[in-house]
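The values are calculated or read from the model by the stated rules, or taken from the named source; none is laboratory data. Given the structure is predicted, the values throughout are model-derived calculations rather than measurements. Neighbour counts run over all protein chains shown; Cβ positions are idealised from the backbone, glycine included.
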Amino acid sequence: MALEKPPLARKQKIASLADQCVQCGLCLPTCPTYGLDGNEAESPRGRIAIAAALARGDAEPTAALRIHLDHCLGCLNCQRVCPANVKYDELLVETRALIGPAPERPRALLAMLKQPTLLRLAARLGGATGLERWKRRLADRLPMNSSWRAALQAWSGTDGDLPLARIATEDTEQTTVALFPGCVASVEDEAAERAAILLLQAAGYRVARLPAFCCGAMDLHGGDMDTADRLAARVRESWRQSGATQLVTVTPGCLGTLRRALPDATVVDPATLLAERRDRLAFRPLERRVALHLPCTQLNVARSESALQALLGKVPSLELAVVPRPPHCCGAAGTHMLEFPERAARLRDGVLGQIATLAPQQLLSSNIGCRLHLAAGMDGDGRRWPHMHPLTLLAQQLETAA
């Protein structure tokens, strides 16, 4: 288990990271929260200044000051365009660890979301009681800014997709790939997990599925470094036992945390590996216009948007329209949609508006949090598009799929 960094060492690191910023402002047009508020404190440049002041003892983490750090989505659009190569992701994690979790953080709700067993039980209960029919009425009885209201609106209890058969290959020299299921994704996006296994096997990989548990992303980005470190140790142990050479996850939101836990391992989006062997994959035609939503983590962490589009481009007759940016983020951002539901809804409205201009028959998005968040907004606006993980669509159209 990693040892907790002494406060002084953490402050020195934050100050060093903040000093890399040249205050050029090129990040401002790409920042969703700056676009939302027009407030310098809600920009990467402003947050870097706040982090530096906290690290140097020039400011205290008052509620009025820390709220700007808590509002950050961690989308990393700023980091991608930064000419000074500021490691904003690392600076944000270290600063949140320095000031600790927000007092208002919905700890009970987040603890439940990190437990796949509890989520499956909730899914069964939701199915048995007709959750879809009454969840809106219950949600409407809760305060507008309630985390539980936001969770109830987004929760489906099932990914709603049919199981996908595995295929056997005869290649005795297959590369072994480990698949990390995660927590919420292991329940809500189970079809995508099965799809990834099917597609990877068809491309000639052997797949080892790791146990389903939280990677620690919620804690890492929430300032609870002790819990994040414990979960990182569990990731390392599961990885060691897998005997795999590469690690994948169907949820790009887990990638950064997995890479932090396994700095010497290759951790990638399945689309990256599949695109490298796309000559081995053939797909049935599908006459459908789909909108492809590219989550921030897929663009700025996985960097797999080109690979995914290349794979979808192999489906004959599929008409692919990428959701425009800006808006730069849908507002889901891990737990942000639960902690700040009203702000998240405002960001979501812009993305839903862009999707509507594409007039799609279906919506694809690879991050389960983004997809559930967008779906909750669809219900509210009366704009309904069937939605799924892109890998699920690819698996359904795979020529060898049963």
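Numbers at a glance
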quantity: Residues being over 19 Å from residue 153 (Cα atoms) and modelled with pLDDT under 95 - total across segment 378-396; calculated: 0
quantity: Single match in 311, 320 (criterion: assigned by TED's automatic domain parsing to the domain that holds residue 378 and either surrounded by fewer than 16 Cβ atoms within 10 Å (Cβ to Cβ) or out of contact with any strand residue (DSSP E or B) (no Cβ under 8 Å at 6 or more places or on another chain) (or both)); calculated: 311
quantity: Qualifying residue in segment 354-372 (condition: within 18 Å of the chain's Cα centre (by Cα), under 27 Å from residue 268 (Cβ atoms), among the charged types (D, E, K, R) and not in a helix (DSSP H, G or I)); calculated: no
quantity: Residue pairs meeting the criteria (Cβ under 6 Å; at least 6 apart or on separate chains; first more than 14 Å from residue 376 (Cα to Cα), in segment 128-149; second modelled with pLDDT of 85 or more and exposed (fewer than 15 other Cβ atoms within 10 Å of the Cβ)); calculated: 145/342
quantity: Listing of helices (runs of 4 or more DSSP H) fully contained in segment 9-81 that carry 2 or more residues being buried (at least 18 other Cβ atoms within 10 Å of the Cβ), of a type in the set (Lys, Arg) and not assigned by TED's automatic domain parsing to the domain that holds residue 367; calculated: 44-55
quantity: Candidate set from segment 130-158 (those that are farther than 22 Å from residue 186 by Cβ and not in a helix (DSSP H, G or I)); member that is modelled with the lowest pLDDT; calculated: 130
quantity: Set 347, 273, 338, 308: member being of a type in the set (A, V, I, L, M), modelled with pLDDT of 95 or more, within 15 Å of the chain's Cα centre (by Cα) and part of a helix (DSSP H, G or I); calculated: 338
quantity: Residue check, residue 303 more than 20 Å from the chain's Cα centre (by Cα) and either β-branched (Val, Ile, Thr) or surrounded by fewer than 21 Cβ atoms within 10 Å (Cβ to Cβ) (or both); calculated: no
